[in-house]
1. Net charge within 12 Å of residue 20 by Cβ-Cβ distance, Lys/Arg positive one each and Asp/Glu negative one each, not counting residue 20 itself?
2. How much FRET efficiency would the formula 1/(1 + (r/R0)^6) give for residue 187 and residue 76, where r is the Cβ-Cβ distance and R0 is 41 Å, rounded to 0.05?
3. Let me check I've understood the local charge: for residue 237, count other residues with C-beta under 13 angstrom from its C-beta, Lys and Arg +1, Asp and Glu -1. What total comes out?
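FYI, it's all coordinate maths here, none of it is from the lab. Because the structure is a prediction, the values reported are computed rather than measured. No Cβ is skipped: glycine too gets one built from the backbone with ideal geometry, and neighbour counts run over all protein chains shown.
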Amino acid sequence: MTPPGTSDTQAGTEPAAVYLLQRHDGQRFKIGWAVEPMTRVRRLPEFMADELDLQASHAAWLPSPLRARQIERSLHRGLATQRALPPHQLDGHTEWFMPAALRTAMRMLRQMPAGGVTSLPPVLVPFEAAPQPLLDAAPPDADSAVLVSAQDVLWAMEDLLLRACALNPVSVEGQGEERVIRLTEVRGPRARLGDSMRWALLDLDTYRWAVGGCSGSFVQLMHYEGNDLLLQMTPMRTVRRWADGALTWQVQALLERLRGLTAYSRSAASLCLEARGRP
């Protein structure tokens, strides 16, 4: 959703910021984005109540609103288990997180490529600082290029799996380095996925990245087990060799998110069955 005061018609190359907004009491912090962060924050109920500590808050400037939205979304998903809902449902109430996740959010921001003219990560600056100029890309760096390409593939893969999870149960199986994502009832009479989503899941190119002479895939093998589609993930020891391991935590966060959604679905199903069995 576009923050108030920000228009989708604005130039695609206009800088935008992802910000980590803190409170005076330290109870939670907010992850958001905006072309004009201060204008955006002034509309929050927490600002009006003088609950925000802007001097302790930070921002990272990106080359475009699109990149800022992508990175904000990745942070929200990676930290989904650390959400901290405020005692209201007003503007921005779904974007607050537990204080223990702040360092993780800062580390995540420092690992993501800013995009645009650079493959370097953004620089975290004080929230009230002026927009920061973006550094030009360094001389061609295969590892940085890998990070940009593989990052985009991972985001697209994450979107697809989470959309599939909303229609059919998805689970994560295996131990140690070996992980398998099971998508249930992808085919057969109980299948609920549309043809376009099913073909995207079955297309190995959905999970592959390639830059120059380097390439890789987040999924190593896929096969059907009955009507269930099994995606065998590439071992984490291999992912750690890509872009100096900068993608490792994001793959792990995706698996944890899928695992959490599965646990929630099973709990809801159990409660539903229990309710049906009552007189």
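1. +3
2. So the FRET efficiency works out to roughly 0.80.
3. Taking every other residue near residue 237 into account, the sum is +1.
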